[in-house]
Each structure stands twice: as C-alpha cells, then as structure tokens.
Amino acid sequence: MLFSGILVLSGCGPKVALPHPRIFQRSQMVLALHPFALNPFSSSGRPNAWVMNMMYDSLVRINAEGQISGDIAQTWQVQNGSRLYVFHLNPHAKWWNGRPISVHDVAWSYALYANPDAPVTAFQSLSSLIASISVQNAGTVAIALKRPDPAFLQNVAAAGDGHPVLPAFMASRIPLSTLSASPIFNKIPDMMGSGPYRPYAGYPGGIRWIANAHYFLGSPKTRTLITTWTARPPADVSWRSSIPAVDPRTSRYTGSSYTMLLFNFQAPLPAAVREALPGLIDRQTLSHAITAPTFPAVEPVLPGSLYAVPVKIPSGARILRRAGYKQSGGLWESSSGRVVHLTITASTGAQSRLVAHALQQQLSARGISVTIQFVPDLPRVLAHHQFTLALVQRHADPFPKMAGEFGLGSPRNYGSYFNPTFQTRLNAMNSAPNLIQSEHQALAALLNDPPGVYLLWTARAVTISQSVEHFTLNPYDPLETITQWTVARPSK
C-alpha cells in the first residue's frame, strides 16, 4: 500500500497510534511524481503503482517488514498445495461512495484479469495462472490456480502488483471492448475507487486529491494532496526532481533493475574463466565508480524478498590456479601461455559506458586483459548471440517469472543458457511436498550457476523538504511506497 502499518509522530505532541498511516499532520501535501495515468488499463501513460494504491485497494498488502497483512481481505487460507486461495473480506471495506466492497467486485476483477480477451496489459494478464474464481458466500471468494504458486499472495494479490479490486457494481455492465475507455476509469468526476484518496480535479501540471472520508482503515487527516509533474507548486516530497528548498535531504533505495555481465555460452569462453569472473569483480568498488547512484548486486532478487537466496562467490584467483592458469607480467595465462583476453559488448549509452570502463579498469588490475566494443543496437547483437560478454540491463522479476526468462525457449535467454540442475529442480516442483522450499532450491540452482555475473542495482532517489521528518521507505510493496513520515507543523 501507499503507506504501511506504522506509528506517526505529531510535530510537537505525543506519539499517536493510528489505524492506518496514510496520515500527515498538515492539511495539504504536495508530491512531485513523473507524469502518470489514472486508468488502471492505460497503455498510453504508465499507471504509477504509488498512485494506483491511493485510488484502489487489493486483497492483501506487504508491510515494511516484508510480511503479508490484510487489505480488502481480512483473513485467508492457502489450500490444495498452493493451488487454492480462499479470501474472507473485511466487512468494513467500502468504495468512495460508501458502498461496501463485495465478493462480486473481487470475483469480477479477477475474472477480468484472467480473461485473455480483457483490455489489460501483458503483466496484468492472469489467463495462464487462474483456473477459476468462485463466490462461496457473501463474504468469501476462492481463487483456484492452474498450477501451484506459493508466491500468489506476494506477486499477484498484494497491493502494488497491478491487480487492484475494481468497482464491478459499475463496470460489469460495460462491454469489454469499451471498458478501458469508460468514464469510470478516465473521467475524474465519474471515477470510483476504494483507496484513501480520490482525485477531484486535474490541472495542466498535475492532479488534486481529497481524502476518502469512508476509508475503512482510517480517513487521512491530510485532507488534500497535490500530485504534480512540474515545479508548481513546490513539492514537499519529490520522486522526480530536486526540491527548491533550503538544504533538502535525499533518500536513496534499491531500484527494480540491475546490470548484468551476460555470458554467451555459444561463444568460446573458457569454463574456468567463466567460473572465476564473479570472484574477480568487486561490486562494492564498482558501485562507487559510477556517477549514477547504484548498489552492489549479488543476485537479481530484491533484498528481503521471499525468494532471496544466498549466492556463493568463490575466489576467482583460486579457480584459475586450480585450472592451470598462472600470472606472468601481471596477466593471467593458460597452461599453453595464452593470455586471458575478454571483449565486453555494451550499448553506447552514458551509463553503460561508465560501467564498461569501470569494469575494464577493475579486471585489468586483477590480471585480465579487457577491450570494450560499443554498439548502437545491443538488443540485436544479443538476439543473434554476437558477443562473448555483454553488459545488459535487466528487470528483477520474482520467481517463477525469472525461470521463464532463463528458460531454454525464452526470447530473453540471450546466452542460450542451460542449467541441468535448475531444470531438474523446476520439473520437480509440482510434486514437491514443500513447494516454497522447492522453489528456493530451484532459484538457488539458477543463481549459483547463472548465465552471467550480477553487478549493480540501480538506485532511486527521493528528495525531501525540511518540513518532512522521519522519512523511511518500504522496499517490498511497491518500491515507491512510504512506510513513515512526519510533517512538522508550521511555526506560528
């Protein structure tokens, strides 16, 4: 959700426990964001997860500790080996007009996401996952899956995942062909949601929001929010630019994409060199060498994720010596006297150039001769396997999406990657007695014998004015989510 369960402090008074922390101690807040779409099905403007969570609720949410907590669903059960999820709705959950959120709203919303003909984006489509949706009684809905998915709550049902519960009592009568263009999802006076804030007016530089007086987890005390993608009015918290204030603070946190040094298994890269590379790269030093903010990466899974597993990084020098390599004149040579030389293919973008040069300098200092080949169309080079090593930007997807990315038939499997242990673990998952443990084992096999070296996480920055205090972030759901802040009351 937009904010998770926390304690918010008044500017001068005592600590106050609140039913839901989408609350500030000021009548109005200005938030600077990149331009966004209010339509949850929009393809012309990317819906912002942060904004969607202001407008809509989901079945569950992920709190700041990474735990699942209730949202529209008050309680739930996971049955039939993670193939059936039964949700019992919170009877206090309401739409903006005060109408209770019903099992019909939930069932229709998930049936829409599961319909291959629905006007939803590719990442929203659940047609390959959901087998059926059934209403068990006036407060309970069950979702049956085509295959076991122990991460359904985290990856599908949680707020920030792109599957909000929609107002079926208004939208179910609209034909699918005109649903995405309906005023319910496009015209501010006619929109209907359930979240803590409702848009009430648009202007050329942004949108004005008013607090939802019916919000079942507590109506926000800040009555008005302004989201803007311009410099006017000046922002209290900015996700898009610096705040024109005296000595603003900046909070950086891990982004969802990472840089990877990808191997092409069809190219003649000696096995010992491939195994040694992860241990020859100092990611911490590499992250400091880049001007754009980054974090050292060892795995393409968000820290704290259910699927975060330890990755073994053995000593690169030890691997090379064991394989008969030796250093001569500061450079590693094979037993036949051939100098280890690598060519890194990278795009011509500024960030890619910085990473490539920093990596070249670091590997050269460790005895590996490196040249860089910059190409204007890196995706074409990758698709045709015209590389030995390549610097690639990738997005962190939870397992099993990651399994599909590295699968034999995946169009993004640029290195023709094949990991027999991973494939064996993956095939055994359907019959495993402990599915979560089985997924961990499959992911560990993938990460410990990957098609490359994980280098750097991108970093996101949020600029905070001096009037905002105790600002922290929830790294779990979604990346823009706030877990806590305090706004100092204006001095008299």
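The values are calculated or read from the model by the stated rules, or taken from the named source; none is laboratory data. This one's a predicted model, so the numbers in the text were calculated from it and none came from an experiment. All Cβ positions, glycine included, derive from the backbone under ideal geometry; neighbour counts span all protein chains shown.
Of note:
- All of LEU473, LEU389, LEU455, LEU435 fail the test of being touching a strand residue (DSSP E or B) at 6+ places or on another chain (Cβ under 8 Å), crowded, with 16+ Cβ neighbours inside 10 Å and at pLDDT below 65, apart from LEU473.
- Applying the criterion of being under 21 Å from the mean Cα position of the chain (by Cα), at pLDDT 75 or above and polar (S, T, N, Q) to the residues of the stretch 225-270, the residue that is nearest to ALA356 (Cα to Cα) is THR259.
- Scanning the stretch 195-230 for residues that are out of contact with any helix residue (DSSP H, G or I) (no Cβ under 8 Å at 6 or more places or on another chain) and among the small types (Gly, Ala, Ser) gives GLY205, GLY206, ALA211, ALA213, GLY218, SER219.
- The residue of the stretch 183-204 that is modelled with the lowest pLDDT, among those that are in a loop (DSSP other than H, G, I, E, B) and crowded, with 18+ Cβ neighbours inside 10 Å, is PRO196.
- Among residues of the stretch 324-362 being under 30 Å from PRO379 (Cα atoms) and touching a Lys or Arg at 6+ places or on another chain (Cβ under 9 Å), the one that is surrounded by the most Cβ atoms within 10 Å (Cβ to Cβ) is ALA346.
- Among the criteria (1) within 24 Å of the chain's Cα centre (by Cα); (2) closer than 30 Å to PRO189 by Cα; (3) assigned to a loop (DSSP other than H, G, I, E, B); (4) not charged (D, E, K, R), the one HIS92 does not fulfil is (1).
- Applying a threshold of 8 Å to beta carbon distances and a minimum spacing of six or more residues, or different chains, the list of pairs starting in the stretch 374-386 at a residue that is assigned by TED's automatic domain parsing to the domain that holds GLN351 and in a helix (DSSP H, G or I) and ending at one that is among the aliphatic types (A, V, I, L, M) and modelled with pLDDT of 90 or more reads LEU378/ALA346; LEU378/ALA390; LEU378/VAL392; VAL381/VAL375; VAL381/ALA390; LEU382/LEU262; LEU382/ALA390; LEU382/VAL392.
- Residue match in the stretch 158-168 (condition: farther than 22 Å from SER194 by Cβ, at pLDDT below 90 and outside any strand (DSSP E or B)): no
- Selection count, the stretch 276-315, where residues are under 19 Å from ALA356 (Cβ atoms) and at pLDDT 80 or above: 17
- The requirement of being over 26 Å from VAL462 (Cα atoms), among the aliphatic types (A, V, I, L, M) and modelled with pLDDT of 90 or more is not satisfied by LEU153.
- Criterion violated by SER109 - all others in (1) among the polar types (S, T, N, Q); (2) surrounded by fewer than 19 Cβ atoms within 10 Å (Cβ to Cβ); (3) under 23 Å from PHE36 (Cβ atoms) satisfied: (2)
- Selection within the stretch 438-452 - modelled with pLDDT of 80 or more and in a loop (DSSP other than H, G, I, E, B): PRO451
- Checked against the criterion of being modelled with pLDDT of 90 or more and small (Gly, Ala, Ser), the candidates ALA17, ALA93 yield just one match: ALA93.
- Filtered residue count, the stretch 140-157, keeping only those that are touching a residue at least 40 places away in the same chain (Cβ under 8 Å), crowded, with 17+ Cβ neighbours inside 10 Å and not in a strand (DSSP E or B): 9
- On inspection, LEU320 passes the criterion of being within 20 Å of PHE263 (Cα to Cα) and either modelled with pLDDT of 95 or more or not assigned by TED's automatic domain parsing to the domain that holds THR371 (or both).
- Neighbours by Cβ (under 6 Å, 6+ apart or cross-chain): first from the stretch 338-364, within 15 Å of THR291 (Cβ to Cβ); second at pLDDT below 95 and part of a helix (DSSP H, G or I): ALA358/LEU286; ALA358/ALA289
- Put simply, of GLN74, GLN79 the only residue that is over 24 Å from the mean Cα position of the chain (by Cα), farther than 25 Å from PHE41 by Cα and without any contact (Cβ under 8 Å) to a residue 12 or more places away in the chain is GLN79.
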